[in-house]
Structure formats: C-alpha cells, structure tokens
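Data first, discussion second: the structure below is written as structure tokens.
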Amino acid sequence: MSTGNEKILILGLGGAGGKVVSRIASQHISGLDTAVIDTDQDALQTMEPNVQSLFAGSCLSWGQGTGCGGNVIRGEQAISGERHKIMELISDKKFIVVVAGLGGGVATGGIRTIASTIRAKKIPAVFMLTTPFSFESFGRRKAAADCIEQLRPVTDILIRLPNDLLFSMLSPDCPVEEAFSKSCDELARTAIGVCGLLNCKTSLNADYASFMAVLRGKKCQCSLGIGLGIPSEQAPDRSATAVQQVLNSPFLGGVDKMAEADVMIVSLFAGPDLSIGEMKRTLEAVSAFAGKETEIISGFSTAPFMANVMQVAVITVRYDEEEKAKAKAAGSVPVVIAEEPEQKEAPRRSARKKKSAPELEQGMLELTNFSKGVFINTVPVMYGDEDLDIPTYQRRGIIIDQGHTAR
C-alpha cells in the first residue's frame with residue numbers, strides 16, 4: 001500500500017508503542033514514517049532498520065539505557081529533556097499518530113511533553129493510547145487515568161483503548177504470548193487504518209474536523225474497529241469481508257459497543273473503482289448496528305493506490321454522564337412541562353399568601369426535671385456546697401418564664 005507523497009508519522013512511545021511501530025515498519029509502507037522514543041536501549045536495538053530511534057534520558061544520572069523502571073517522574077524527565085530533538089523529528093510531518101501504552105513510566109510520564117510539542121508545531125495528531133487491564137495494580141490504573149485527564153486539554157483527538165477490549169474476542173485457551181502478539185498486530189493494523197483516514201481527501205463529512213468536534217476535550221469511552229476487504233476466490237465480496245472484520249475487531253469490543261454509542265463515525269476508504277451501490281451497501285450494513293439514538297457521521301474517500309481494496313473504519317464514542325449533562329445545558333433552552341402548569345403555580349401562590357398574613361405563635365421551651373440516670377449512685381461533682389451535676393436553674397430554684405406572662 002502506498003500513501004503517496006504525504007508525510008505521516010507513526011510515533012511509538014515506550015515499550016508497548018515501540019512493539020507496535022516495529023510491526024508497522026516491517027510492512028514497508030511507502031510514504032509512512034515510523035519513529036520510537038524510549039529509555040531502554042536494548043528495546044530500541046530490536047527495532048526495524050527503517051525506524052527512527054530516539055534514546056531519551058542519556059543526560060540523566062539514572063539514564064544508563066536500562067529503562068526508567070516504571071517510574072512516571074523519571075519518564076517525564078527523560079522525554080522533556082529531549083524536547084528539541086522531538087521538535088526536529090516531527091517538524092516536516094503533515095499528520096502524526098501517537099501510539100503508547102499507559103500505566104508505566106516512559107509513556108505515562110512523557111506523553112504530555114509529546115502532546116504539547118505537537119500542539120506547539122500545530123500539527124494535527126491522533127493519540128491512540130491503551131490503558132491497563134482491570135486486573136493490574138491500582139497504581140498503574142490510577143496513573144493512566146490521571147494521565148488521560150491531563151492530556152485532554154492539550155490534544156485534539158484522543159482515543160483511549162482499554163486493554164480489556166484486546167482479548168474480548170480471544171479464546172480463554174489462547175496462549176499468553178500469542179495473545180499479546182495478536183494485540184500488537186491489531187494495534188498496528190488500527191494505526192495504519194487511522195493513517196489512511198487522515199491522509200485522504202474525504203468526499204463526505206467524516207474527516208479530521210469531524211473527529212475533533214466529537215472527541216476534543218470530551219470525557220468518553222471509545223472503541224475502534226478496522227476492516228480490510230480484498231476480493232479473492234474465497235471471498236469475492238470485499239464489502240462483506242471488510243464489514244465482518246470490523247465486527248470481529250478486538251478493539252471494537254463487540255457489536256454492543258455500536259448499539260450503545262452516543263456517536264458512531266463510519267468511514268469508507270477505497271479505490272477509484274468504488275461504485276455508488278457498493279458504497280451505499282457498505283455504509284448501510286455498518287450503520288444498521290447503531291442504536292436508535294446514536295448520531296452517525298459517515299463518509300468515504302478514494303485514492304488510486306487503494307484499487308481493488310476496501311477499508312472500513314468505525315469509531316464509537318460513548319460520553320460520560322457528566323459530558324452529556326454539559327452538552328444538554330449548553331445546547332438546550334429552558335424546558336417547560338406543559339402537563340403540570342397549575343401544579344407548579346399553586347405552591348408559589350400559597351407561599352405568597354402565607355408571607356402576607358403570617359400567624360406567629362410563641363414556642364414552648366420544653367424543660368424537664370433533671371435525672372442523673374446511670375450516674376445516680378456515683379460520686380457527685382461538687383463546688384462548695386453545690387452539686388454541678390444538677391442544672392443551675394434547678395440548683396438555685398429559678399423559675400423560667402415560658403412566655404405566658406410576657407407583655
């Protein structure tokens with residue numbers, strides 16, 4: 001596959017990001033640059049030859065090339081110290097896709113520096129970040145959640161992909177190494193799919209601006225499915241193949257994610273041979289899985305290098321309840337419930353009447369004889385000849401005016 005002369009960079013950060021980028025680089029996709037930033041020299045040495053490797057933290061006392069040991073502060077120090085090199089790395093790029101796994105040290109600590117540097121260069125970017133499994137330590141999950149919150153103000157498109165989605169479509173009997181290998185393959189395929197969306201002039205409205213409007217600064221849960229259809233003797237219908245791959249995509253997490261989504265972005269990317277009937281059939285097949293209230297943003301684009309190939313991408317977005325409340329408050333007018341207008345007015349008229357003619361009555365001060373209870377047989381607290389356990393008004397025989405004789 002060739003993406004023409006456009007310069008797109010897939011940037012991996014840390015160990016997880018490096019593995020994904022290495023898979024992408026092994027496919028030698030023309031027009032697609034790859035780079036990895038890490039504090040582990042051994043990991044950088046295993047990258048494909050065409051991957052640009054940036055070793056971070058060499059100027060720090062602990063930066064001996066063995067990593068930062070999952071320390072978020074060290075990760076932040078290492079990446080921030082290489083800001084000028086990062087600026088050079090991204091300076092001539094049109095789009096950037098950042099891939100990383102949060103919860104560790106390098107990515108969790110350094111991703112904010114990456115995001116602010118990209119924003120300073122005003123380069124459109126998509127951040128694809130995986131978050132820890134639910135069975136991982138609270139510390140890792142908390143660090144990842146805090147990082148996501150801090151990234152929202154400085155990113156335009158942030159796609160958070162829970163690791164639990166990765167294995168939702170795998171058999172429990174799948175060997176561990178094979179499972180993680182498949183997860184890297186899926187992340188690599190997804191990143192390449194996102195690059196295809198960014199690098200083409202879209203004929204309908206599912207473009208970068210659409211993604212940014214839906215995701216920028218929003219608290220939400222995302223899932224993403226990518227399907228690639230290539231006609232063959234076994235599967236001549238490339239549309240059906242691509243849609244089926246979308247539904248089976250681990251990062252989609254099942255068709256329920258599509259039905260529960262508040263917004264679903266559906267994008268079709270194919271060659272000039274795409275017909276209007278095939279486009280309509282494909283978009284309708286995917287949109288049929290959306291919920292009744294799901295907002296669907298669909299579009300398609302074509303490029304010569306995609307001849308005979310069809311790629312279908314689906315991004316589902318489900319906003320947090322807090323975001324839904326904000327959107328409703330920002331885009332709605334005061335609601336009037338027509339069914340009960342009189343019930344609302346009655347309490348206000350009653351209240352005004354009560355204020356205009358108040359009925360005042362002196363309250364009674366309830367006084368009871370004192371009892372020591374369980375302390376009746378204890379030694380009394382004496383001051384001179386007075387027992388301090390007995391209330392003063394009773395000790396001194398004071399009569400309390402309860403309001404009956406008040407003038």
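Read-outs: derived from the displayed coordinates by stated rules, not from any lab. Not measured: the values here are computed from a predicted model.
So here's what we get for this one:
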read-out	value
Region 57-141 shape via C-alpha gyration tensor axes, a/c threshold 1.5	oblate
Long-range amide H partners of I157 with built H, under 5 Å	A125, F127
Long-range amide H partners of D273 with built H, under 5 Å	N308
Region 1-199 shape via C-alpha gyration tensor axes, a/c threshold 1.5	rounded
Scaled radius of gyration (Cα, divided by 2.2 N^0.38 Å) that region 1-89 gives	1.12
For Q52, residues with placed amide H under 5 Å, excluding near neighbours	T34, A35, V36
Hz values of 3J(HN,Hα) by residue in region 43-56 - Karplus curve (6.51, -1.76, 1.60), Gly and Pro given as x	5, 5, 6, 8, 5, 4, x, 8, 8, 6, 10, 10, 7, 10
Under-18-angstrom lysine pairs by C-alpha in region 1-138, whenever the two are 8 or more apart or on separate chains	12
Integer Hz, Karplus 6.51/-1.76/1.60 couplings in order for region 232-237, x for Gly and Pro	8, 5, 6, 9, x, 8
